[in-house]
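The block underneath contains the structure these notes are about, expressed in structure tokens.
FYI, it's all coordinate maths here, none of it is from the lab. These numbers come from a predicted model, not from an experiment. Here the Cβ positions follow ideal geometry from the backbone for every residue, glycine too, while neighbour counts run over all protein chains shown.
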Amino acid sequence: MLRQPDHVRAVAIGHGTTAVLNLRTGNWVWLDEDSRRIWDAALAGGSAPRTLVDSLVRLGYDRQQVQKAVEATVARLREYGLVAEDRTPGRRPWWRVISWR
């Protein structure tokens, strides 16, 4: 699951635009409404990204194109440091839980 890192600040600045600042790099990223929806869905985790894709498909968009756009946007959010893996203390990744005995 993804989370918003502590070093990221976001504020809606109007006209459907969100300004996001990565305090570590000093870089600003401007998100339009669609990018913001994808960011919110990625942070919500679970079925939220799939629900977002399904809602756009119901509006008439091609599922494969929407899926590619969502995946590309999440990849860019990772690249900019605006989302990070949730490493909650005490939780181990699934690959560490499985043992081969």
Original post:
What number, in percent, do you get for the relative contact order of the chain if the mean sequence gap of Cα pairs under 8 Å and at least 6 apart is divided by its residue count?
Top reply: 29 percent
**OP:** Scan (i) 18.8, 70; (ii) 19.9, 68; (iii) 15.8, 58 for the value of Rg and Dmax of the Cα atoms in Å calculated from this model and give just the label.
**Re:** (iii)
**OP:** Treating only the Cβ atoms of Lys and Arg (+1) and Asp and Glu (-1) as charged, compute the dipole magnitude of the range 2-85 about its Cα centre; round to the nearest 20 debye.
**Re:** 80 debye
Original post:
What is the spin-label model distance, in nm, from residue 59 to residue 10 if the labels are put 7 Å beyond Cα along the C-beta direction?
Top reply: 1.7 nm
